[in-house]
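What follows draws every value from the coordinates through simple rules; no lab data is involved. All values reported here derive from a predicted model rather than from experimental measurement. Note: ideal-geometry Cβ built from the backbone for every residue, glycine included; neighbour counts use all protein chains shown.
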Amino acid sequence: MKAETVYNVIQALNSEEKLRLYAMLDLPKVSVVKRKIKKEKLISVASAMDDLLVNTFNK
């Protein structure tokens, strides 16, 4: 097995599985970085209605 294949498999694991793998290999604990998901900004109902009215009826 190639090292590149192993690396890709490890990168595909979630954080819990990576920690289990490091424990099985007797490696020191490595901090697993969780990627923050940027949430989309929600618009209010009033703002949505205004946009709908402006874009639909003012053409």
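So the values come out like this:
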| quantity | calculated |
| --- | --- |
| Cβ-based net charge around Gln11, under 13 Å, with every Lys or Arg adding one and every Asp or Glu removing one | 0 |
| Where GluC sites (Glu not before Pro) fall in DSSP loop in the stretch 1-58, at most 15 other Cβ within 10 Å | Glu40 |
| Listed values (i) 44; (ii) 66; (iii) 51, entry calculated as percent of Cα pairs over 16 Å apart | (ii) |
| Angle in degrees between helix 45-57 and the longest Cα principal axis of the chain, rounded to the nearest 10 | 60 degrees |
| Inter-label distance, nm, simple model (7 Å from Cα along the C-beta direction), Tyr22/Lys41 | 3.6 nm |
| Residue-by-residue Karplus 3J(HN,Hα) for the stretch 17-27, coefficients 6.51, -1.76, 1.60, Hz, glycine and proline x | 5, 5, 5, 5, 5, 4, 5, 5, 8, 6, 8 |
